[in-house]
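The values are calculated or read from the model by the stated rules, or taken from the named source; none is laboratory data. It should be emphasised that the depicted structure is a prediction, and the values quoted were computed from it without experimental measurement. Note that we place each Cβ from the backbone using ideal geometry, even for glycine, and neighbour counts take in every protein chain shown.
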Amino acid sequence: MADRLNGYRILILETREEAQFSRLLTEQGADVLQCPMFTIHDAPDPAPVEAWIRRYIDRPFDDLMLMTGEGLRRIMKVVRRLGVEADFVAAVGKSRKFTRGPKPGRALREIGCEADMTTETPTSEGVASMLAGIDLQGHRLGLQLYPEKDHSVLIAAITACGAEVDTVLPYIYDAQAAEANILSAIDEMAAGRVDAIALTSSGQVRRLLEAASAHGRDQQLRDALAKTPIASVGPVVSDELKTYGLRTDIYPAHDTFFMKPLISAMSQSLGKSAPRARAG
């Protein structure tokens, strides 16, 4: 139903999926306040990514584990620059393909491939649990990593299953570039000009708290969040909030942890009260 969020101002802290999330909210009538949490850049040294691609083509991995859709898209950017797209896609087609949640699956479909299995829980622990139930003995497994995450436990878990792990990190985050955006978002919440903040990853929670602390505004952020409904996309985000002593006010129903169910939950919750008055 259109305009279910008409007049409500929603703060989103998204980057990779920011445009899609903003569009979906706008279609429901929301006034979207966007706050990019970081800037994404290609890996500063392309040589390891190029070498990983060539190893894949020369001897396709038995298995491919994709942690993010952004990762595959960045890899494909290098693949196309090298002029080996057909060979690389053919190699990917020969591998069993596993994805952490639905986003990497969408990126796979963009190159004409499908995931063979997707984690029920989109976390590193969920990946480890899924792969533990699969025969990996003697397999070569290509593992796409993402920044600002210690993957050593996951790599050790896959290795313990008998696989040889070959990793690639195709992009990095530039968090400092977005600090002004984060501080401005805190000001908007503190002034009562935000009806809800929507969180879609645990990294957003950490980044928000870290930026506030770095600028001596931790208490201001906590006071602002105390009067701003917090919408969480799922259990990973809610657990991260709990780690920092923060609550979840709005949560998708029926274990459907995606953007549309989150928006539906916000519509139902916020619709019980009128949008806040806007200060000058």
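Per-structure values
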item: Residue list for the range 119-151, filter: without any contact (Cβ under 8 Å) to a residue 40 or more places away in the chain, surrounded by 18 or more Cβ atoms within 10 Å (Cβ to Cβ) and farther than 18 Å from Tyr171 by Cβ; result: Thr119, Ala128, Met130
item: Residue list for the range 153-171, restricted to those being among the hydroxyl-bearing types (Ser, Thr, Tyr) and either in contact with a helix residue (DSSP H, G or I) (Cβ under 6 Å, 6 or more places away or on another chain) or not in a helix (DSSP H, G or I) (or both); result: Thr167, Tyr171
item: Check on Ser264, surrounded by 14 or more Cβ atoms within 10 Å (Cβ to Cβ), of a type in the set (Gly, Ala, Ser), touching a helix residue (DSSP H, G or I) at 6+ places or on another chain (Cβ under 9 Å) and more than 15 Å from Ile12 (Cβ to Cβ); result: no
item: Helices (runs of 4 or more DSSP H) (entirely within the range 172-254) containing at least 3 residues that are in contact with a strand residue (DSSP E or B) (Cβ under 9 Å, 6 or more places away or on another chain); result: 179-190, 202-214, 235-243
item: Qualifying position, being among the polar types (S, T, N, Q) and farther than 28 Å from Met259 by Cβ, among Ser152, Ser124, Ser129; result: Ser152
item: Among (1) at pLDDT below 95; (2) charged (D, E, K, R); (3) assigned to a helix (DSSP H, G or I) - the single one Asp150 does not satisfy; result: (3)
item: Filter pass, Leu72 being modelled with pLDDT of 95 or more, within 27 Å of Ile263 (Cβ to Cβ) and either part of a loop (DSSP other than H, G, I, E, B) or not assigned by TED's automatic domain parsing to the domain that holds Ala265 (or both); result: yes
item: Any hit, the range 79-96, residues being farther than 13 Å from Val168 by Cα, part of a helix (DSSP H, G or I) and at pLDDT below 95; result: no
